[in-house]
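Q: Okay, handing you the structure first.
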Amino acid sequence: MIAKTAAAGGPTLLPEVLAFTSSLSLDRALIREDLLGSLAHLTMLSRRGIVPQEQARAIREGLVSIWDAVQAGTLQLPDEEDVHMAVESLLTSKLGPTAGALHAARSRNDQVALDLHLYVREQCAEIFTSLVKLLSSIVERAEVESSTILPSYTHRQRAMPITLSYLFAAYGAMLARDIDAFSFVLQQADASPLGVGAIAGTSLPIDRQLVRELLAFERITANGLDTVGDRDFALDYAYASSRLLVHTSRIATDFVDFASPEFGFIRLDGAIACGSSMMPQKRNPDLFELVRAKSGAGIGNLVTLLVDMKGLPSGYNRDLQEDRGPILATGPLVRSVLEILELGIGRVTFDKMRCLQAVEQDATQATDVAEALVQKGLPFRTAYQLAGTLVRACQDARVPLANVTTEMAQAVDPRLDDEVLAAARIRGAVARKTSPGGTGPDSVREQLQSLREVVTRTKARVESIPRVATLFAQLREASL
Ligand code: ARG
């Protein structure tokens, strides 16, 4: 077994130490990336004459048969220190010493860096797909909710009336920024580390640009000493994921709140509401609560990675192996949250009457009254005070601001004429917000249009991301 040879500590290594230091239980998830990297490296070694073609052909056959077994779900990995050693051990049992030719000009240090770059790129493609799915369903929902009026909130107190379309467009704006953040991650990960070897390069006549090209990376990493100790692309990935999960947790809280009778804005479909084991009447928003809670694990992954990296000396350190847990856990977490949120929001129906009542019961159009006075030439502060006096008069008379009569308003101040009062009508208050980025219909239409463009752009982007399986399929047929 390789784990017992000099490559991984020698035959004296205690089994307890091997067990403690092994990463195979986690990094077996990287086997497809590892095989692809090996195939690209082998192709380069063969074309550069470092490995004779005959040997290269045999090694390629070995790698391909391992890949096929992975795809068929039949691969048994030997008990080794890590996935790289496990693959080498499998190859050695198939080919004998010939297998050892593959590791020329390569170290597990650049190998693991490569696997992780490929993995993060693959995950970005998957996350983009889930993000786009959620974003398009949010945009579609926004399109049909332009006549649903509800309050917006500051300090969780009713603020200004908005359309539900506007709220969904706000969620869309968050997700569009997440797409930007993952585009940055993709750009950071788009560099081929292979060929820097253990740390300082190699004296063998390798071609790093060829490997880069075979793996469809944009560039090669600049400095080997930096490369083997660099996990910045993984930190960016964990950060983008955490920030996305913070967004989904905030969206989820809106839905948890809206489902409570105190708001009463939404009804939870029987397919997504969970019950209580004791209280027969309960319909709980567990789905949204758990979306909210799961952001904790994502943030934990980011913090674990940051702390793992902090204070490491330059070069490779075994501490880096602990990046595997957080990196591998992040993608599935993010995707499961995006997918369930899409399903959950799709099953929610809004109670339009309750939403409107929440606006009507309060004086959420007070700012609009003040602004109507400003349009008549009053300084804002004066208008603000006047509108405030009108609101108090309405409260004393127990009349919603939307229903205030000309007589009541005139009794407060003659400047509160019918033209000004028109601003207190709720739909008018929404329609009057014509400023860009506001809740007015034209503004929301523009917001939704630009979100649709993000969807189209991102779908095209996903198509252009090189995928592990496609690259492997190309390389297994490439000339050696
Ligand atoms: N299992 C190691 C890791 O994941 C591979 C690199 C080990 N390098 C070494 N020189 N021991 O980081």
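FYI, it's all coordinate maths here, none of it is from the lab. Only a predicted model underlies this, so the values are computations on that prediction, with no experimental measurement involved. All Cβ positions, even for glycine, are placed from backbone atoms using ideal geometry, and neighbour counts span all protein chains on display.
Q: For the chain, with equal point scatterers placed on the C-alpha atoms only and solvent neglected, what are the log10 I(q)/I(0) values from the Debye formula at q = 0.06, 0.07, 0.11 1/Å, to two decimals?
A: Reported log10 I(q)/I(0), two decimals: -0.41, -0.52, -0.93.
Q: Here's a follow-up. When the dipole is taken about the Cα centre of the chain, and only Lys, Arg (+1) and Asp, Glu (-1) are charged at their Cβ, what size is it in debye, to the nearest 20?
A: Here the chain has a charge dipole of around 440 debye.
Q: Then there's this: Testing the spin-label approximation: label points 7 Å from Cα along Cα→Cβ at THR456 and LYS133. State their distance in nm.
A: 2.3 nm
Q: Could you compute the FRET efficiency for VAL17 and ASN403, with r as their C-beta to C-beta distance and R0 at 60 Å, rounded to 0.05? Could the numbers behind the result be given before it?
A: Numbers: r = 78 Å, r/R0 = 1.31.
The computed FRET efficiency comes out at 0.15.
Q: Something else about it: Taking Cα pairs under 8 Å and at least six residues apart, what relative contact order does region 6-104 come out at, in percent?
A: For region 6-104, the relative contact order is 35 percent.
Q: Rounded to the nearest angstrom and ordered from largest down, what semi-axes does the equivalent ellipsoid of region 223-331 get from its C-alpha gyration tensor (root of 5λ)?
A: The equivalent ellipsoid of region 223-331 has semi-axes of 41, 13, 9 Å.
Q: Would you mind putting 138-147, 274-283, 405-414 in packing order, based on average other-beta-carbon counts within 10 Å, highest first?
A: 138-147, 405-414, 274-283
Q: Taking the simple approach of a point 7 Å from Cα along Cα-to-Cβ for both ARG48 and LYS352, what is their distance in nm?
A: Result for the modelled spin labels: 6.8 nm.
Q: Report, in deg cm²/dmol and to the nearest 500, the calculated mean residue ellipticity at 222 nm for the chain, where each DSSP H run with n ≥ 4 adds -39500 (n - 2.57) and the sum is divided by the residue count. Each step should come with its number before you reach the end.
A: Working: 20 runs with 297 residues, N = 480.
Computed mean residue ellipticity for the chain: -20000 deg cm²/dmol.
Q: In addition: Using a cut-off of 23 Å between alpha-carbon atoms, which lysines can reach LYS376, once sequence neighbours fewer than 8 places away in the same chain are excluded?
A: LYS433
Q: Please give every one of the aspartates and glutamates within straight-line cross-link reach of LYS133, meaning a C-alpha to C-alpha distance under 16 Å, and leave out same-chain neighbours fewer than 8 residues apart.
A: GLU143, ASP178, ASP180, GLU339, GLU342, GLU453, GLU463
Q: Expressed as a rounded percentage, what relative contact order does region 124-239 have, with Cα pairs under 8 Å and six or more residues apart?
A: Relative contact order, region 124-239: 21 percent.
Q: Once each part is reduced to its C-alpha centroid, what is the distance from region 314-384 to region 14-83 in angstrom?
A: Taking the Cα centre of region 14-83 as reference, the centre of region 314-384 is 45 Å away.
Q: Continuing with the same structure: Using C-alpha positions alone, give me the convex hull volume of region 6-104 per residue in cubic angstrom.
A: 94 Å³
Q: As a test of the definition: which semi-axes, in Å, follow for region 127-255 when you take the square root of five times each eigenvalue of its alpha carbon gyration tensor? Largest first, please.
A: Those come to 45, 15, 8 Å.
Q: Mind ordering 177-190, 88-101 by average Cβ neighbours within 10 Å, highest first?
A: For the peptides 177-190, 88-101, the packing ranking is 177-190, 88-101.
Q: How many angstrom separate the Cα center of region 433-480 from the Cα center of region 248-290?
A: Cα centroid to Cα centroid, the span is 32 Å.
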